[in-house]
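The values are calculated or read from the model by the stated rules, or taken from the named source; none is laboratory data. Remember, it's a predicted structure, so these values are computed and weren't measured experimentally. Note that each Cβ is placed from the backbone with ideal geometry, even for glycine, and that neighbours are counted across all protein chains shown.
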Amino acid sequence: MIDDPLFWLVAVPAVFLAGASKGGFGGGLAFAGILVIATVIPPVQAAAIMLPLLCLMDVVAAWAFRKSWHRPSMAVLVPGSLIGIALGTATFTLLDDQMMRILVGGLAVGFTLDHWIRGNRPPKAQSRPKGLFWGAMAGYTSFVIHAGGPATNIYLLPQRLEKSVFVGTIVIFYLIVNYAKIPSYAWLGLLNGSNLTTAAILAPLAAIGTWIGTRLHAVISEAWVYRLSYLTMFATGLNLLYDGFAPWFRA
């Protein structure tokens, strides 16, 4: 177990807010929580600790949204994500996390700015090839840095799904993705005793935060769910870009 008081000072609010985000509008702030924790411990360890917590959040949120998710989107996103997870597992030791953050951050910021500049457009049905591609991107980036949200949103947001269906689709999708990542994380030696013990201590906060998020979802309007989703996507993108470029500026 981690015994650094600074870690717990940072991790407690980060995990709680990540859970509330997961339950309220799909989890955009979950990655922000990982970034915050990664400021006090190595990023790989932060990702390993967060995976069991994300899996717990997924179960709590999935129960609330078990009847509200978009099956056509899931039918293409899930197969794509499994391809992405397999690629992430095969290339984990070769990956440049810095460039991955810049790539995903650039996509998130660019997609959000395009939406804000061009305004709301009619709902757009997505194709199977696009779903497989963005599903693979989501699985790959989720495996590497738990940052699959931007890729998922690029596919789902233009469809303008009803708010509970939109959030529910993200929740159920990441329930599958995060549990699919467990065997690979274990095989890579990331789920060791220290990380699992730390995650177990934080688990009640993750569950409570997620439950509170599901309650908040019921009182947030559909317009605000979409506004918060775009805003969170933009903020996540900026965080990724900062995290990617920062080492070069410090060099």
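Exactly one residue out of TRP116, TRP134 is assigned to a helix (DSSP H, G or I), among the hydrophobic types (A, V, I, L, M, F, W, C) and over 21 Å from VAL78 (Cβ atoms), and it is TRP116. Condition test on LEU103, is it modelled with pLDDT of 90 or more and among the hydrophobic types (A, V, I, L, M, F, W, C)? So LEU103 fails the test. Restricting attention to region 145-154, the residues being assigned to a helix (DSSP H, G or I) and buried (at least 24 other Cβ atoms within 10 Å of the Cβ) number 6. For region 208-237, filtering for residues that are basic (Lys, Arg) and more than 18 Å from ARG66 (Cα to Cα) leaves 1. Among the residues of region 54-65, is there at least one that is of a type outside the set (D, E, K, R) and not in a helix (DSSP H, G or I)? The answer is yes; a qualifying residue exists. Looking at THR214, THR169, just one residue is closer than 25 Å to PRO13 by Cα, touching a residue at least 12 places away in the same chain (Cβ under 8 Å) and touching a helix residue (DSSP H, G or I) at 6+ places or on another chain (Cβ under 8 Å), and that residue is THR214. Candidates are the residues of region 119-131 that are touching a Phe, Trp or Tyr at 6+ places or on another chain (Cβ under 7 Å) and in a helix (DSSP H, G or I); the one that is nearest to HIS217 (Cα to Cα) is GLY131.
Quickly run through region 89-102 and pick out the residues that are in contact (Cβ under 8 Å) with a residue 40 or more places away in the chain and under 18 Å from ALA136 (Cα atoms). Result: THR89, PHE92, LEU95, ASP97, MET99, MET100, ARG101, ILE102. On inspection, ALA75 fails the criterion of being more than 22 Å from TYR155 (Cβ to Cβ), free of Cβ contacts under 8 Å to residues at least 60 places away in the same chain and of a type in the set (A, V, I, L, M).
Within region 190-201, residues that are over 13 Å from ALA11 (Cβ atoms) sit with their Cβ atoms under 8 Å from residues that are in a helix (DSSP H, G or I) and of a type in the set (Val, Ile, Thr), at 6+ positions apart or across chains, in these pairs: LEU190/VAL44; LEU191/ILE182.
Taking the criterion of being in contact with a Pro (Cβ under 8 Å, 6 or more places away or on another chain) and either among the β-branched types (Val, Ile, Thr) or not in a helix (DSSP H, G or I) (or both), the only residue of region 68-104 that qualifies is VAL104.
Of all residues in region 200-251, those being of a type in the set (Val, Ile, Thr), outside any loop (DSSP other than H, G, I, E, B) and exposed (fewer than 13 other Cβ atoms within 10 Å of the Cβ) number 0.
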